[in-house]
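First comes the structure, then the notes that go with it.
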Amino acid sequence: LFVSATVWSLSFAPHANAAILEAGSGKPYNSPCSAIAAARSGDVIEVDSGGRWIDDFCTISTPDLTLRSVGAGRAKVSASGTLELGPHQAIWAINAPGVTIEGFELYGARAAKAIRVLPGFGVVIRNSFLHDNDVGVEVADGPSAEVLIERSEFSSNGKTIDIGHVARFTMRASY
């Protein structure tokens, strides 16, 4: 019992000061990437599902971050094709452990990736729709990384999923 209590308190300690950051029209942050830039470890970013952002590219470098679309439908982030997608050639690049993406539609990265997970990291993607990209999700090698994709749809991508050498890859209720 003592060991369980110790493990429980240690596992939740980093998130004791976690915040909910809101992104969307009339919210404190006007885009998902502006909220991502302000986030701290353990925060949850709630993005208005009625919102649509064009060329909102960024690298997620904050550990244990959750991005969640809230409301009916999915928040939409697209690439216009007129701007450079940044050094990682993705709408969103993951460069931290413990990142979860829930309920987004990412599309239009015709010569790049919707989501690119950099070497050594994993990701959780839930209830999302990735379409019309060169690659839906690309995960670089990460021998201890875990990737979970569930309840998500991939359509009209050049390559749906490109997973490097990872410890565990799980895909459930997705197509």
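Only one of the listed values, (1) 35, 21, 14; (2) 26, 17, 16; (3) 26, 20, 14, was derived from the coordinates as semi-axes √(5λ) of the Cα gyration tensor in Å; which label is it? Matching the structure shown: (3). Quick check for you: which residues of the stretch 73-109 have the amide N under 17 Å from the point 7 Å beyond the Cα of Ser41 toward its beta carbon? The answer is 95-100. Probing with 1.4 Å while keeping every protein chain in the model, the per residue accessible area of the chain equals 49 Å². List the lysines whose alpha-carbon lies under 22 Å from that of Lys113, not counting same-chain residues fewer than 8 positions away? Once the sequence-local lysines are set aside, what remains near Lys113 is Lys76, Lys159. The trypsin sites (Lys or Arg not before Pro) of the stretch 144-175 that meet both conditions, a loop assignment by DSSP and at most 16 other Cβ atoms within 10 Å of the site Cβ, are Arg151. For the stretch 90-175, the Cα-based Rg and Dmax, in that order, read 11.3, 31 Å. Dividing the Cα radius of gyration of the stretch 8-111 by its Kirkwood radius returns 0.99 for Rg/Rh. Rounded to the nearest 500, the 222 nm mean residue ellipticity of the chain from helices alone is -3000 deg cm²/dmol, with -39,500 (n - 2.57) taken per DSSP H run of at least 4 residues.
Ordered by solvent-accessible area of protein heavy atoms (1.4 Å probe), largest first, the residues Glu153, Glu146 come out as Glu146, Glu153. Relative contact order, whole percent, for the stretch 19-175 stands at 15, derived from Cα pairs under 8 Å and 6 or more residues apart.
Counting only protein heavy atoms and using a 1.4 Å probe, what share of the accessible area of the stretch 32-84 belongs to carbon plus sulfur, as a whole percent? Its accessible area is 46 percent carbon and sulfur atoms. Approximating the spin labels as points 7 Å out from Cα along Cα→Cβ, the Tyr175-to-Glu146 distance works out to 2.8 nm. Counting only residues at least eight positions apart within a chain, or on another chain, the aspartates and glutamates with an alpha carbon under 18 Å from that of Lys27 are Asp43, Glu46, Asp48, Asp56.
The values are calculated or read from the model by the stated rules, or taken from the named source; none is laboratory data. The structure displayed is predicted, hence computed values, not measured ones. Every residue, glycine among them, receives a Cβ derived from its backbone with ideal geometry; neighbour counts consider all protein chains shown. Areas reflect the complete protein model, heavy atoms only, side chains present, ligands, DNA and RNA absent. Shrake-Rupley method; radii C 1.70, N 1.55, O 1.52, S 1.80 Å.
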